[in-house]
Amino acid sequence: LQIPTLVEEKTYDVIIEVDGEDEDGDNHEMVWELTLEVKKDKHDLIIDRAELSPQTIKCDRNPSLDTRIVNIGREDEDDVSIEIKNSELGLNVREDDIEIDEGDNEDAVFGKSYNLRIDDKVKAGTYPINVKVYYDSKSTDEERVDLIVQSCVEAVTSVEAKEPVEVITTPPV
């Protein structure tokens, strides 16, 4: 699991160095030294990933949805929920009681893959799947991923007769 870059709530010393050449060929350099203060919201969860695999389905209608939620707030969260919905597809997945710590390591990340089953009766089209994350029943982030459903047409093989076939019909009596 590769985690996104996370930072602690504190003050950082930052040095910015710029080097460039003007139209006369003269070299110019500039250095800025500054202090960057990072302040985090108390509660802040984001959906860092919501990806379908595959995004387009045909006859095999079992895509997976890979999700990753990151706690970028300054509090541990012990009542997180994720919701995956689309009424046309019959999707209504909800997972509760997820715990995600605060911080700058993998404890601040929750990742999970959900196997989705799409009914064979679903017609071809593009269907938006909504992914929402909540803490304490309050929505904090939302992503939309589109699932493309194509018609499943099974191949039909034709059989050709090698010799002419004589069809005999009897007249009605």
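The values are calculated or read from the model by the stated rules, or taken from the named source; none is laboratory data. Nothing here was measured: the structure is a model prediction, and the numbers come from that model. So basically every Cβ, Gly included, is an ideal-geometry build from the backbone, and we count neighbours across all protein chains shown. Note: areas computed on protein heavy atoms with side chains; ligands, DNA, RNA excluded. Shrake-Rupley method; radii C 1.70, N 1.55, O 1.52, S 1.80 Å.
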Please tell me the relative contact order of the chain in percent, rounded to the nearest whole number, where contacts are Cα pairs under 8 Å and at least six residues apart. 21 percent
Burial ranking of peptide ranges 71-77, 17-23, 6-12, 88-94 (average Cβ count within 10 Å, highest at the top): 71-77, 88-94, 6-12, 17-23
At 1.4 Å probe radius, can you tell me the per residue accessible area of the chain in Å²? 72 Å²
Starting from the Cα of K10, draw a straight line to each of the lysines and keep only those under 23 Å, dropping any in the same chain fewer than 8 residues away. K39, K40, K42
What does the charge add up to near E9, with Lys and Arg as +1, Asp and Glu as -1, over the other residues with Cβ less than 12 Å from its Cβ? -2
If you average 1/r over all unlike Cα pairs in the range 71-126 and invert the result, what Kirkwood radius do you get in angstrom? 13.6 Å
What percentage of all Cα-Cα pairs in the chain are separated by more than 19 Å? 70 percent
Please express the shape of the range 32-71 as an equivalent ellipsoid: the semi-axes are the square roots of 5 times the eigenvalues of the C-alpha gyration tensor, given largest first in whole angstrom. 39, 13, 5
